[in-house]
Amino acid sequence: MKKFLVILLMAIAGPMFSQTLQSPSEYLGYTLGTRYTPHHQVVAYCQYVANTFPTAVKMEQYGTTNEHRPLYLLTVSSAENVGNLANIKANHIAAINGKSTTAASHAIVWLSYNVHGNEPSSSEAAMQTLYELVNPANTVSKSWLKNTVVLIDPCLNPDGRDRYVNWFNSMVGAGSNANPQTREHMEPWPGGRSNHYNFDLNRDWAWQTQVETQQRIKVYQTWMPHVHVDFHEQGFNEPYYFAPAAEPFHDVISPWQRNFQTQIGKNHAKYFDEKGWLYFTKERFDLFYPSYGDTYPTYNGSIGMTYEQGGHSRGGLAVQTEDGDTLTLVDRVAHHHTTGMSTVEMASANASNLVTEFSKFFEAARSGAKANGVKSYVVTSNYLTSLQPFMALLAKNGINFTLTNDNITGKGYEYFEGKETAIATQNYSVVIPTAQLQGTLLQVLMEPKSKLTDSATYDITAWSLPYVYGLKTFAVNTPVNAKAFVQTNMPQMGKNAYGYLLPYTNFASAKAMATLIKDGFKVRMAQKPITYKGKQYEAGSLLVLKNNNTAKWQTEIMPRYLQLLGTEEVVTLETGFMDKGPDFGSPDVVTLQKPKVTVLTGEGVSSLGAGEVWNFFDKVLEYPVNMVNASDFGRLNLKETNVLILPDGYYKWLGDKNTQAKLKDFVRGGGKIIALENAVAQMADEDFGLKRKEAPDAKKADEQYLKKYADRERDALKEGISGAIYRVQLDNTHPLAFGYGSNYYTLKQDGNTYQFLKDGWNVGYLRKDNKVAGFVGSDLQPNLKDQLVLGVQEMGAGNIVYLADNPLFRLFWENGKLLFTNAVFTVGN
């Protein structure tokens with residue numbers, strides 16, 4: 001009988017106990033915000049909630065980071081909605097495509113946490129927000145979830161978060177120290193902000209160069225949320241920031257998107273006012289650059305917003321602010337949790353309007369209403385491999401296009417000439433209709449010059465894809481219909497050949513060259529144009545000859561091996577005797593040396609700059625590289641390398657005469673230095689040969705000193721530049737510019753100017769104001785002319801390559817990858 005009563009009591013208590021849920025503090029064993037929670041424990045708590053309430057939460061792994069940490073998305077709603085998620089999602093997607101037969105009624109909110117690893121309060125807040133949404137005792141949140149689906153990504157950047165958290169937990173004592181000068185507030189290089197390859201994932205949404213972004217966007221596109229929030233942290237002395245955003249707003253942003261983020265901000269303000277918490281709005285964080293966690297969702301129809309809590313990197317568990325207050329992690333978590341819940345509340349209260357306005361956004365996109373009269377874009381090239389990276393980006397972003405080899409006629413605005421001309425297509429063209437679901441995003445990415453309503457913007461101001469990819473493009477005011485091109489079988493290649501010729505036309509050719517050299521082949525390069533069987537091949541053509549590669553030459557597989565390299569064309573050679581130009585034994589046909597590459601990294605080097613170079617070699621070029629700390633340069637044996645790369649940064653030892661002598665000896669002995677951005681500026685200040693170009697000392701009246709204090713930020717912009725595109729004139733007979741035409745489009749991000757080299761090669765330069773797009777300050781712009789941008793200085797048997805602008809910018813600047821590869825492989829042979 002007693003046993004029966006125990007069983008009966010357990011049966012009665014079971015449902016009650018099954019409806020209880022531990023808070024993060026209870027589950028973790030410490031009060032949330034009194035420690036930093038490692039990523040695996042964040043995941044464990046989320047999994048615990050999902051397992052405890054499977055009818056309210058679904059947890060899905062959508063990807064894996066470079067360091068093999070899992071990426072998760074949680075879906076939270078009422079039991080009824082969770083049981084019907086497939087239909088809710090399908091109906092929502094059908095509605096924005098104009099194909100729904102059932103009216104969509106659910107608001108979809110996506111909350112993204114910890115994209116910057118050393119802004120760690122947000123993942124802590126994610127756990128608290130998850131708990132309050134699921135907690136059976138919270139009847140208010142349950143009412144919101146009746147018509148709202150909440151998607152929670154608790155940590156977008158686990159590698160960066162754990163880098164920061166593990167470091168901090170190893171630095172802090174038994175109790176936290178609020179003194180901001182102590183070591184627990186001084187994060188070492190490279191910091192936890194970035195991912196494994198030191199990339200800023202909050203600049204990568206549109207470009208999708210990083211594995212975390214690529215995996216996330218695939219899932220994002222299956223949901224297309226009405227509201228998206230990106231949780232961040234800023235300097236610890238700053239109060240909380242939430243929407244509405246600052247100007248500039250891009251002009252494609254709808255009045256509803258502007259208005260509703262203001263409504264959300266006012267709701268946040270209500271809760272912050274009740275608590276006496278400080279905040280600011282409408283300042284600093286704009287909605288312009290398309291690859292942020294707020295703008296990318298905005299250009300995808302969402303109410304995209306950034307929330308910024310003070311405390312990143314130096315916040316620790318507690319930090320004393322300049323006002324004398326102590327900001328704790330507990331405070332930071334509470335603030336982020338409050339805005340997260342407030343966002344869900346507002347989405348639920350306005351679900352009907354969100355659904356209606358979201359559909360209107362995409363209805364306008366499908367009609368082409370956001371395209372400023374442009375009906376089609378025609379992007380054309382002689383080389384299919386030049387178009388493939390561009391098409392890949394369009395596909396990643398869900399933008400429809402047609403690849404064709406039709407001869408397209410008519411008129412259109414030609415980007416490179418900056419005016420309307422007759423359309424002149426080349427061998428292949430990509431035709432993109434503007435009237436499509438992603439027409440708004442397409443307009444933002446393709447417009448030649450984005451309209452700035454305010455020059456005080458947070459990031460670059462120019463990114464038009466035809467310049468980024470270096471592709472001839474026409475914006476056409478009439479629809480263009482074209483027949484799709486279908487790739488036929490590759491042409492057969494002779495097997496018993498004298499050798500093979502690979503035309504050098506783009507980055508695909510350069511990567512093939514790097515692969516051949518890495519695989520041990522001897523590759524020769526024609527440094528002048530050659531003509532074979534009546535067809536001319538430009539300077540830079542690659543030659544793989546049998547007599548140079550007898551040890552590796554396998555007649556049966558060589559043709560297939562070369563085709564798999566992905567080059568546009570492989571020409572079977574029957575002889576080394578050319579119709580025109582140098583024969584293969586000429587001094588103008590050189591054997592390319594195998595680069596043994598060392599890249600300086602670590603303290604003093606830009607982590608982002610070093611990361612771009614590292615990621616390029618590791619993941620894009622797939623070529624081995626030695627990453628060496630700049631602080632170890634004094635001990636570095638330069639005999640083990642022949643290419644030394646100095647990414648953007650500040651190298652303390654560059655001013656040391658003994659170090660300069662070591663570098664010069666390295667170059668004179670046949671080595672090559674490739675300097676980028678500020679490394680170029682430093683070398684120009686020393687005795688290497690390059691010199692800065694001083695701006696004219698304009699004589700101004702004394703009134704120039706009578707400035708208004710209130711105008712100080714605006715006045716500073718006169719000397720500023722926010723990532724503007726310039727057309728660089730090229731000497732494409734130099735190996736640094738092999739594979740290019742007469743121009744290269746660069747992204748200028750600083751006002752540094754350099755004299756032309758007197759004893760060297762001025763390969764890329766500005767002769768006059770060649771600004772194409774983007775903001776440049778009124779005082780700076782007149783100085784950006786008649787200057788070196790790309791130079792090669794010969795010194796003894798070696799070279800110094802100066803790249804004043806970054807050709808690998810965020811690894812989306814596709815047109816610069818060939819340039820950088822040339823600097824490594826072709827210069828100096």
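The values are calculated or read from the model by the stated rules, or taken from the named source; none is laboratory data. Remember, predicted model here, so these are calculated numbers, not experimental data. Counting neighbours? That spans all protein chains shown, and the Cβs are built from the backbone with ideal geometry, glycine included. Just so you know, the surface numbers come from the protein's heavy atoms only, side chains and all, with ligands and any DNA or RNA stripped out. Shrake-Rupley method; radii C 1.70, N 1.55, O 1.52, S 1.80 Å.
Computed quantities for the displayed model
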{"quantity": "Single condition G741 does not satisfy, out of (1) open to solvent by less than 20 Å² (accessible area, probe 1.4 Å); (2) more than 19 Å from Q593 (Cα to Cα); (3) part of a loop (DSSP other than H, G, I, E, B)", "calculated": "(1)"}
{"quantity": "Failed condition for I800, given (1) buried (at least 21 other Cβ atoms within 10 Å of the Cβ); (2) farther than 30 Å from D588 by Cβ; (3) of a type in the set (V, I, T)", "calculated": "(2)"}
{"quantity": "Residue satisfying condition, being among the charged types (D, E, K, R) and open to solvent by less than 10 Å² (accessible area, probe 1.4 Å), within set D153, D162", "calculated": "D153"}
{"quantity": "Of residues in the stretch 373-427 being over 23 Å from L437 (Cβ atoms) and aromatic (F, W, Y), the one farthest from the chain's Cα centre (by Cα)", "calculated": "Y413"}
{"quantity": "Near pairs, Cβ below 8 angstrom, 6+ apart or cross-chain, from the stretch 117-133 (farther than 20 Å from A318 by Cα and part of a loop (DSSP other than H, G, I, E, B)) to any residue that is open to solvent by less than 10 Å² (accessible area, probe 1.4 Å) and of a type outside the set (K, R)", "calculated": "none"}
{"quantity": "Single match in V229, V219 (criterion: among the hydrophobic types (A, V, I, L, M, F, W, C) and in a strand (DSSP E or B))", "calculated": "V229"}
{"quantity": "Residues that are of a type outside the set (D, E) and either surrounded by 24 or more Cβ atoms within 10 Å (Cβ to Cβ) or under 16 Å from Y72 (Cα atoms) (or both), drawn from the stretch 119-130", "calculated": "P120, S121, S122, S123, A125, A126, M127, T129, L130"}
{"quantity": "Per-region count, the stretch 787-797, residues of a type outside the set (A, V, I, L, M, F, W, C) and either surrounded by 24 or more Cβ atoms within 10 Å (Cβ to Cβ) or modelled with pLDDT under 95 (or both)", "calculated": "1"}
{"quantity": "Residue within the stretch 353-372 that is modelled with pLDDT under 95, open to solvent by less than 10 Å² (accessible area, probe 1.4 Å), under 28 Å from the mean Cα position of the chain (by Cα) and of a type in the set (A, V, I, L, M) present", "calculated": "yes"}
{"quantity": "Hits in the stretch 632-654 - residues which are of a type in the set (A, V, I, L, M, F, W, C), more than 23 Å from Q593 (Cα to Cα) and crowded, with 16+ Cβ neighbours inside 10 Å", "calculated": "F633, L654"}
{"quantity": "Lone unmet requirement of (1) open to solvent by 40 Å² or more (accessible area, probe 1.4 Å); (2) in contact (Cβ under 8 Å) with a residue 24 or more places away in the chain for A716", "calculated": "(2)"}
{"quantity": "Scope the stretch 253-266; condition open to solvent by 30 Å² or more (accessible area, probe 1.4 Å) and not in a helix (DSSP H, G or I); matching residues", "calculated": "none"}
{"quantity": "Pairs with Cβ under 6 Å, 6+ apart, first in the stretch 182-193 and over 16 Å from T321 (Cα atoms), second among the small types (G, A, S) and open to solvent by 10 Å² or more (accessible area, probe 1.4 Å)", "calculated": "E187/S313; P190/S607"}
{"quantity": "Considering residues of the stretch 660-681 that are open to solvent by less than 20 Å² (accessible area, probe 1.4 Å) and without any contact (Cβ under 8 Å) to a residue 40 or more places away in the chain only, the residue farthest from the chain's Cα centre (by Cα)", "calculated": "Q660"}
{"quantity": "Failed item in (1) open to solvent by 70 Å² or more (accessible area, probe 1.4 Å); (2) among the aromatic types (F, W, Y); (3) modelled with pLDDT of 95 or more, with W463 passing the rest", "calculated": "(1)"}
{"quantity": "Strands (runs of 3 or more DSSP E) contained in the stretch 473-574 and holding at least 2 residues open to solvent by less than 50 Å² (accessible area, probe 1.4 Å) and modelled with pLDDT of 90 or more", "calculated": "499-502, 524-526, 530-532, 542-545, 571-573"}
{"quantity": "Of all residues in the stretch 428-460 being part of a strand (DSSP E or B) and within 24 Å of the chain's Cα centre (by Cα), the one that is surrounded by the fewest Cβ atoms within 10 Å (Cβ to Cβ)", "calculated": "V430"}
{"quantity": "Among the candidates K817, K771, residue that is open to solvent by 10 Å² or more (accessible area, probe 1.4 Å) and closer than 21 Å to K511 by Cα", "calculated": "K817"}
{"quantity": "Qualifying residue in the stretch 322-342 (condition: of a type in the set (G, A, S), open to solvent by less than 10 Å² (accessible area, probe 1.4 Å) and at pLDDT 95 or above)", "calculated": "yes"}
{"quantity": "Among the residues listed as S348, S302, S291, the single one being surrounded by fewer than 22 Cβ atoms within 10 Å (Cβ to Cβ) and within 30 Å of R366 (Cβ to Cβ)", "calculated": "S348"}
{"quantity": "For V319: the one exception among (1) modelled with pLDDT of 95 or more; (2) not in a strand (DSSP E or B)", "calculated": "(2)"}
{"quantity": "Condition met for S122 (in contact with a Phe, Trp or Tyr (Cβ under 6 Å, 6 or more places away or on another chain), small (G, A, S) and under 23 Å from Y48 (Cβ atoms))", "calculated": "yes"}
{"quantity": "Checklist (1) open to solvent by less than 10 Å² (accessible area, probe 1.4 Å); (2) in contact with a Leu (Cβ under 9 Å, 6 or more places away or on another chain) applied to N629, failing item", "calculated": "(1)"}
{"quantity": "Flag if V333 is assigned to a strand (DSSP E or B), closer than 21 Å to G175 by Cα and either touching a residue at least 60 places away in the same chain (Cβ under 8 Å) or not aliphatic (A, V, I, L, M) (or both)", "calculated": "no"}
{"quantity": "Scope the stretch 446-463; condition in contact with a Phe, Trp or Tyr (Cβ under 7 Å, 6 or more places away or on another chain) and either under 24 Å from N506 (Cβ atoms) or hydrophobic (A, V, I, L, M, F, W, C) (or both); matching residues", "calculated": "M446, P448, L452, I460"}
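Per-residue answers, yes or no, for (1) part of a helix (DSSP H, G or I); (2) open to solvent by less than 10 Å² (accessible area, probe 1.4 Å); (3) in contact with a Pro (Cβ under 6 Å, 6 or more places away or on another chain); (4) farther than 29 Å from S25 by Cβ:
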site: H40; (1), (2), (3), (4): yes, no, no, no
site: Y62; (1), (2), (3), (4): no, no, no, no
site: L74; (1), (2), (3), (4): no, yes, no, no
site: N91; (1), (2), (3), (4): yes, no, no, yes
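Condition check ((1) small (G, A, S); (2) within 35 Å of the chain's Cα centre (by Cα); (3) under 22 Å from V620 (Cα atoms)) across all residues:
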{"residue": "K495", "(1), (2), (3)": "no, no, no"}
{"residue": "L502", "(1), (2), (3)": "no, yes, yes"}
{"residue": "A512", "(1), (2), (3)": "yes, yes, yes"}
{"residue": "P529", "(1), (2), (3)": "no, no, no"}
{"residue": "L542", "(1), (2), (3)": "no, yes, yes"}
{"residue": "N548", "(1), (2), (3)": "no, no, no"}
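One line per residue, one yes/no per condition, for (1) farther than 26 Å from Y279 by Cβ; (2) in a loop (DSSP other than H, G, I, E, B); (3) open to solvent by 10 Å² or more (accessible area, probe 1.4 Å):
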residue: A174; (1), (2), (3): yes, yes, yes
residue: N237; (1), (2), (3): no, yes, yes
residue: D251; (1), (2), (3): yes, yes, yes
residue: H268; (1), (2), (3): no, no, no
